[in-house]
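J.: Would you mind keeping the following structure in view while I ask a few things?
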Amino acid sequence: MPNDANDVVIRTAGLSKSYRGVEALTGLDLEVKRNSIFGFLGPNGAGKTTTIKLLLGLARPTAGTATLFGLDSERDTLEVRRKIGYLAQDPRYYDYMTARETVRFTARFFFSGPGAALERHLAETLDLVGLGDKADRPIRGFSGGERQRLGIAQAQIAKPELLILDEPAASLDPMGRRDVLEVMARLRSHTTIFYSTHILEDVQRVSDTVAILNQGRLIARAPIGDLLSGSGHTTYTVELSGNVESARRRVAGLPWVLSLDETAVAADTTRWQVSVGDEQAADQTLARTILADESTQLRSFGRRRYQLEEVFMSLIEGGSRQ
Amino acid sequence: MTLDPTPSRGWSTGFGNLLNKELRSWWGTRRWLVHLGLWLAVETGFILLISLEGRHDMTPAKGLAETMQVFFQAGGFFALIGAVLVTQGAIVGERSSGTAAWVLTKPTTRPAFVLSKFVAITATFLFLSLVLPAIGVLVVTKLIWHTLPVASHFLEALGILALHQTFYIALTLMLGTVFGSRGPVSGLALGFWVAGNIAPNLLPKWIVLSMPWMLTQGASAIATWQPLPAPLWIPATATAGWIVLVLGLAVWRFGREEF
């Protein structure tokens, strides 16, 4: 098998889905690399869950193809599902089963080995997600967080090569979210994680690659670092007081300064957003230029770090980046 | 010790696991006990009451015949309603709750999903609503009328009634793959049975004969040594064919389902 096929776990080409003439997903081209944590973002109704259903063979594409591990998601769906663990957005299980019975039921689709080994594996998996002490309780009494942890346990019971998680932390409180993110981080050593979410803070914490979907179309796909670096130009945030006007004239005159936006943050403090075209020159001389006049005091200085939320909002409101 | 991967078995991949799960939903919960109590009360209890009431007015032979007639016709009717009610949510419920979509993300097939339900419901329901009440009826008959029906006739009638119930289980399961709520599923299944009561007056005889409608009447006639309303092998064979066809439709329709 060529290297590319080994490195790429999910590949979609022109993947589209419409329901009664309404386009839910349009021409999605996506590649997910092995051992990445791939965040799949978008507002409600963007097409995230539709994409996941197409990958899992729960729905049929109206156009395009999806391959997982080089296997067609429709034609080879049984083989594909042997390699995948899945957690639904609102996971539902058989309420009469206990947590242990639920993961045992799931495991039996994958394993036919000796009972003792299977039971040991079940116990380890339930311990991993913190449900060891609740393993024999009927799940009808489980909280949302416990259900979600059970969902992760059943999804990764067969140590799948790919975990697909649909909004894994959406219904959880901050503690539950932290737990889920920790489990995801622990699992990344041996699996690829493809997960949809609208909680941007979580994506920024754990993802290495991000795709943003809006109204069924892919509008951005990039490593998280690239996405957070902003529009391509480096921006510095500077807070200063004193003789701001003379400093402003000096900085605005620098040849690599592209723009300078000024806002007052306090009676004696002004904040600048300085966008530069030459990062190296700015690192070496921007602060010195500001401080050339002793009547200007520098309160803070640093490169601006974009938050994913800003990038997300600007992309959703218009424009695309790949 | 290491875990062995489950081998792929074509359409039946995952069938055994799904069948175990379905059986567990009966025998691993109190559901079986509720049904056992219900069917013993409805069928055996009913027979006990009418036998006690008529024991001074009827000869043992007449009492036995009446007992058999009531069991195979009235009992068959109640069990038919039970079969429809038990099966109506099997597919619809799992589809609306999301458990069907969850299960179908595992390495199993849609035919295995549908057929495991059919096998589990048929086996369990026939055992609880037919076999055990039938044993109860034999006990009542022996205690009150001091006689028993001819074993071969009784078993043949029981088999005919089982075929009849199996058809309605298959039909209800198939309707569950078509409709999204329980109302039309049970309504159409029971409507088909009602149509069978009207059809003999409206439809050509060959159509009536090729349907399962005459089976309860036939089962009762066999058990009571009465003349058969028609050669029973025709509706019996046709019903077996219908069961296969209806299950095929269920598997085909469920295979096209999108979640």
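J.: Applying the selection to region B:1-33, what residues are more than 7 Å from chain A (Cβ to nearest Cβ) and among the acidic types (Asp, Glu)?
T.: B:Glu22
J.: Identify all residues within region A:84-107 that are modelled with pLDDT of 95 or more and open to solvent by 30 Å² or more (accessible area, probe 1.4 Å); write none if there are none.
T.: A:Arg100, A:Glu101, A:Arg104
J.: Right, another one. For region B:76-188, which fully contained helices (runs of 4 or more DSSP H) count at least 3 residues that are in contact with an Asp or Glu (Cβ under 9 Å, 6 or more places away or on another chain)?
T.: Of the helices (runs of 4 or more DSSP H) lying wholly inside region B:76-188, those with at least 3 residues that are in contact with an Asp or Glu (Cβ under 9 Å, 6 or more places away or on another chain) span B:76-97, B:99-103, B:110-126, B:132-145.
J.: Could you check how many residues of region B:97-126 are open to solvent by 30 Å² or more (accessible area, probe 1.4 Å), farther than 14 Å from A:Tyr94 by Cβ and not hydrophobic (A, V, I, L, M, F, W, C)?
T.: Total meeting the criteria: 2.
J.: Quickly run through region A:50-66 and pick out the residues that are of a type in the set (Val, Ile, Thr) and open to solvent by less than 40 Å² (accessible area, probe 1.4 Å).
T.: If the condition is that a residue be of a type in the set (Val, Ile, Thr) and open to solvent by less than 40 Å² (accessible area, probe 1.4 Å), then A:Thr50, A:Thr51, A:Ile52 are the ones that fit.
Conditions tested, residue by residue: (1) in a helix (DSSP H, G or I); (2) open to solvent by less than 20 Å² (accessible area, probe 1.4 Å); (3) farther than 23 Å from B:Leu115 by Cα; (4) in contact (Cβ under 8 Å) with a residue 60 or more places away in the chain.
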residue	(1), (2), (3), (4)
B:Ser220	yes, yes, yes, yes
B:Pro227	no, no, yes, no
B:Ala230	no, yes, yes, no
B:Ala238	yes, no, no, no
B:Ile243	yes, yes, no, yes
B:Val251	yes, no, no, yes
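J.: Go through (1) over 24 Å from A:Lys53 (Cβ atoms); (2) under 28 Å from the mean Cα position of the chain (by Cα); (3) part of a helix (DSSP H, G or I) and name the single condition A:Glu119 misses.
T.: Result: A:Glu119 passes all but (2).
J.: Could you pull out the residue among A:Gly39, A:Gly47, A:Gly64 that is more than 11 Å from every other protein chain (Cβ to nearest Cβ) and over 20 Å from the mean Cα position of the chain (by Cα)?
T.: Exactly one residue qualifies, and that residue is A:Gly64.
J.: What residue, of A:Arg104, A:Arg147, A:Arg140, is more than 10 Å from chain B (Cβ to nearest Cβ), in contact (Cβ under 8 Å) with a residue 12 or more places away in the chain and either over 28 Å from the mean Cα position of the chain (by Cα) or outside any helix (DSSP H, G or I) (or both)?
T.: A:Arg140
The values are calculated or read from the model by the stated rules, or taken from the named source; none is laboratory data. None of the values given here were measured: they were computed from a predicted structure. Glycine gets a Cβ as well: all are built from the backbone with ideal geometry, and neighbour counts include every protein chain shown. Heads up: the accessible areas ignore ligands, DNA and RNA and are worked out on the full protein's heavy atoms, side chains in. Shrake-Rupley method; radii C 1.70, N 1.55, O 1.52, S 1.80 Å.
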